Structures are given as C-alpha cells and as structure tokens.
Amino acid sequence: MNKNLLILLTSTAFGGLVSILINFYQWRVKLKHDTDEEERKQLYDEVKYYRVKFRNDENEIDCLKEEIRKLKAAQVNAAEKKGDFDE
C-alpha cells in the first residue's frame, strides 16, 4: 500500500511539474507572439505615416515648382515690358 501511495504521489508531483513547465512555455510563446504583433503593428503604422508624409512633401514640392515657374514667367514678362530682355 505504501509503495502504491508513493508511486501515486510521485507521479502526481511529476505531472504537476510537467504541467507547470508546459504552461510556462505556452505563456512565453504567447507573450512573444503578442510582442511581435505589437512591433509589427507599430512598424506598419510608421510606414503608413511616412507614406502620407512623403505624399504631402511631394505635393508641396510640386506646388513650389509651379510657383517658381510662375515667378520666372512673371520676371520674363516684366523684363520684356521694360525692353531689357535680349533675344
């Protein structure tokens, strides 16, 4: 009887330790997965932000180029009116 009781207690303790180890491993994998998911989401948000910023900067560059063209055209027109423009 004592031998059976000892085997039962030993197997229960071993099973408990194995269960604890498995639960710890599952917790660690889940934590790593959640961390990777958060990092992926953060990187996606950064890429999205910089794409929008790039588009806005491109639009601003286009507007500035157009303004420069208008100013140059106005300068040429003013020079032609004065007669200072040599052809």
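Taking the options GLU58, GLU67, GLU80, name whichever one is charged (D, E, K, R), modelled with pLDDT under 85 and surrounded by 10 or more Cβ atoms within 10 Å (Cβ to Cβ).
Values: GLU58 fails: modelled with pLDDT under 85; GLU67 fails: modelled with pLDDT under 85.
Being charged (D, E, K, R), modelled with pLDDT under 85 and surrounded by 10 or more Cβ atoms within 10 Å (Cβ to Cβ) holds for just one of GLU58, GLU67, GLU80, which is GLU80.
Being open to solvent by less than 100 Å² (accessible area, probe 1.4 Å) and at pLDDT 85 or above is a description that does not apply to LEU21.
The values are calculated or read from the model by the stated rules, or taken from the named source; none is laboratory data. The model shown is predicted, which means the values in this text are computed figures rather than measured ones. Reconstructed Cβ throughout: ideal geometry from the backbone, glycine too, with neighbour counts over all protein chains shown. Please note that ligands, DNA and RNA were not included when accessible areas were found on the heavy atoms of the full protein model with its side chains. Shrake-Rupley method; radii C 1.70, N 1.55, O 1.52, S 1.80 Å.
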